[in-house]
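Nothing in this text is a laboratory measurement; each read-out follows from the coordinates by a stated rule. Note that the coordinates shown come from a computational prediction; the quantities given were computed from them, not determined experimentally. Using ideal geometry, Cβ is built from the backbone for each residue, glycine included, and neighbour counts are taken over all protein chains shown.
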Amino acid sequence: MTKHDDGRKFYIQRHASGFVGDSPLWWKEGGHGYTTQLDDAQVWTEEDAMALLMEDQGEKFTAWPKPHVEAAVVEIVDYHLLHIDRAVSYLDAKVAAEKKRREAESDNTRKS
């Protein structure tokens, strides 16, 4: 697909349920609800997007050009996918080992 062809493709955003945090909700592939993930979002042809908007009369949906949306993608970390036990346990073990090493070093210095 050429850049010219991409310019004629669209993502559809619903106004009423429009966002999760700062992320727009896009019409999900196959009409199965809405998603913030572009990989799961339906890509609309210009003809299909126009038909939806004509039927909708601009009340519920906005058609966004695919290149414009994809240029706004940023990489983020989803906090809900982080597991605190993994971060803390790793550092706790490293910190405990370092403290033990320093205590032993301090004991050796006092004995000298």
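Counting only alpha carbon atoms, the long axis of helix 46-56 and the longest principal axis of the chain meet at about 80°. Evaluated with a Cβ-only charge set (Lys, Arg +1; Asp, Glu -1), the stretch 11-72 carries a dipole of roughly 180 debye about its Cα centre, given to the nearest 20. By the rule of a C-alpha distance below 30 Å, with chain neighbours fewer than 8 residues away ignored, the lysines paired with K66 are K3, K9, K28.
Taking the Cα centre of the chain as origin and assigning +1 to Lys and Arg Cβ atoms and -1 to Asp and Glu Cβ atoms, the resulting dipole is close to 940 debye. Starting from one equal scatterer on each C-alpha and no solvent at all, send me the Debye-based log10 I(q)/I(0) for the stretch 3-71 at q = 0.11, 0.19, 0.22 Å⁻¹, two decimals. So the normalised log intensities are -0.23, -0.69, -0.93. Compute the helix-to-body angle for 84-111: its Cα long axis versus the longest principal axis of the chain, expressed 0 to 90° and rounded to tens. Helix 84-111 sits roughly 20 degrees off the main axis of the chain. Near F61: Cβ cut-off under 13 Å, other residues only, Lys/Arg at +1 and Asp/Glu at -1. The net charge is -2. Electrostatic tally near M50: other residues with Cβ closer than 11 Å to its Cβ, Lys and Arg +1, Asp and Glu -1, net -4. Projecting the Cα atoms of A93, S106, V69 onto the charge dipole of the chain (Cβ charges, centred on the Cα centre) puts S106 farthest toward the positive pole.
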